[in-house]
Structure formats: structure tokens, C-alpha cells
Amino acid sequence: MKVGIMGGTFDPLHIGHMMAAETARESYGLHEVWFMPSHIPPHKHEAGATGEERLSMVREAVKNHPSFGILDWEIVRGGVSYTLETVIGLQEEYPQHEFFFIVGADMVQYLPKWQGIEELVKRLVFIGVGRPGTPLDLGLLPGFIAGRVLLADMPLVDISSTMLRARAAEGKSIRYMVPDAVYDYVQRSGLYGVQPRSAD
């Protein structure tokens, strides 16, 4: 079975994440995509929502898609999240699966700096999904990485989790920028400075 791993902070999960996962799934015939919220990603500061809150938002968002699932390993494990450790564990746990790692264009250019990238590209293929303002130029990557990156085109959606947190803190709506289930969760829980209230 071909499985895509969609890692990220998901603070919050937004429609760009969902579109990237669906685009990668459709473009390369993935049987499933597993969303994997990271605990503390090495390249980011601590998340605004807790690990459990982010896990809950993702779980709510993907539960009605027949090919989407959730992987809670990094949240449960705690500490700094490194992809190589997780991939090794996945391949030991699911030796019959072929894994792909789905990343945005910004992360494709950052791949040479990933810890253990030499080992990672031996173990799986990356699927790079386009993002606004970040062209995917594999020619900028070392050859041993570029040969292990597939590209997927998706409609460009200029939405980021950072922008959504700022909008929510300013009292602006994030409806339709996140899945309905995530919007409802934020409204109920009062994340990101939203005044808690019943979902409307």
C-alpha cells in the first residue's frame, strides 16, 4: 500500500493542508494519507495550541475522508520531532507499506538542512506541493535529493497557520479558511484568542 505522510504543526490545520494532501494522493495514486502533527518541530517555535488540541483538530478534520487518517506518534513521543526517527519506526511497524513524505515548496528547498536527509532519501520519496510565491526548482537541490522528489501541482492558496492565528487574535473570521470541523473546534475551545462560544 502506498501511504503519504503529511507532517506539520497544524496550528491550526487549514484548507491548504487538506488540498496538498488530496493533490498528492490523487497525483501519485496514494491509497492513504496519514496526517502527523509534530510535537515541537526543529525549525519552529512552540505551537500556539497544545499537542492534544492540534491532534483533536486534525482528527475532526479528516474523519470523514475515506483515505485520510491520523498518526499521533510524534505527539505521544514528545520532545523535538525529527522525521528520520519517525520514518524508521513506520517502516519497522508497517514493512508492507511504501511511504511518501508530503511537503510544501518551502520545505523542499529546506530539505538539504534536514537531519539525516542522506538516510531519509534512501528510505522514501518526497512529494513537493506548490505554494504561492515559492517556485519548485529541483535544480537548486543536490542531485541525491532532487532525484527523490516528485512534484505535484495544486491551486495556489495563500493561507498560512501564522496568518490564521493572527486573524483570530484580532477578532477576524477564519471561517472557510480552515475545514468546518476545525472552525467549530476553535469556536468552542476559544483557541488563538477567540471568545469561546457554541458553534454556529
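Mind counting the residues in the range 163-187 that are under 18 Å from the mean Cα position of the chain (by Cα), touching a residue at least 24 places away in the same chain (Cβ under 8 Å) and assigned to a helix (DSSP H, G or I)?
Within the range 163-187, residues that are under 18 Å from the mean Cα position of the chain (by Cα), touching a residue at least 24 places away in the same chain (Cβ under 8 Å) and assigned to a helix (DSSP H, G or I) number 4.
Identify all residues within the range 116-136 that are more than 15 Å from the chain's Cα centre (by Cα) and within 20 Å of A21 (Cβ to Cβ); write none if there are none.
Across the range 116-136, the qualifying residues are L120, L124, V125, P132, T134, L136.
Could you go through the range 155-162 and let me know if any residue there is among the β-branched types (V, I, T), open to solvent by 70 Å² or more (accessible area, probe 1.4 Å), under 25 Å from S81 (Cβ atoms) and assigned to a helix (DSSP H, G or I).
Yes, because at least one residue in the range 155-162 is among the β-branched types (V, I, T), open to solvent by 70 Å² or more (accessible area, probe 1.4 Å), under 25 Å from S81 (Cβ atoms) and assigned to a helix (DSSP H, G or I).
Taking the range 29-48, which residues are open to solvent by less than 60 Å² (accessible area, probe 1.4 Å), in a loop (DSSP other than H, G, I, E, B) and at pLDDT 95 or above?
G29, L30
All but one of (1) open to solvent by less than 30 Å² (accessible area, probe 1.4 Å); (2) among the small types (G, A, S); (3) under 23 Å from I40 (Cα atoms); (4) at pLDDT below 95 hold for G79, so report the exception by its number.
(1)
Out of all the residues in the range 121-142, which are in a helix (DSSP H, G or I) and within 18 Å of D106 (Cα to Cα)?
V121, L138, G139, L140
Looking at the structure I just gave you, is I145 without any contact (Cβ under 8 Å) to a residue 60 or more places away in the chain, open to solvent by less than 60 Å² (accessible area, probe 1.4 Å) and not charged (D, E, K, R)?
Yes, satisfied.
Would you say V3 is over 11 Å from the mean Cα position of the chain (by Cα), modelled with pLDDT of 95 or more and under 26 Å from K113 (Cα atoms)? Full working, then the answer.
On the way: over 11 Å from the mean Cα position of the chain (by Cα): yes; modelled with pLDDT of 95 or more: yes; under 26 Å from K113 (Cα atoms): yes.
Criteria met by V3.
Only one of (1) open to solvent by 60 Å² or more (accessible area, probe 1.4 Å); (2) touching a residue at least 12 places away in the same chain (Cβ under 8 Å); (3) of a type outside the set (F, W, Y); (4) not in a helix (DSSP H, G or I) is not met by E118, so which one is it?
(4)
Would you check which residues across the range 101-115 are open to solvent by 10 Å² or more (accessible area, probe 1.4 Å) and more than 12 Å from the chain's Cα centre (by Cα) and list them?
D106, Q109, Y110, P112, K113, W114, Q115
The values are calculated or read from the model by the stated rules, or taken from the named source; none is laboratory data. Only a predicted model underlies this, so the values are computations on that prediction, with no experimental measurement involved. Glycine gets a Cβ as well: all are built from the backbone with ideal geometry, and neighbour counts include every protein chain shown. Note: areas computed on protein heavy atoms with side chains; ligands, DNA, RNA excluded. Shrake-Rupley method; radii C 1.70, N 1.55, O 1.52, S 1.80 Å.
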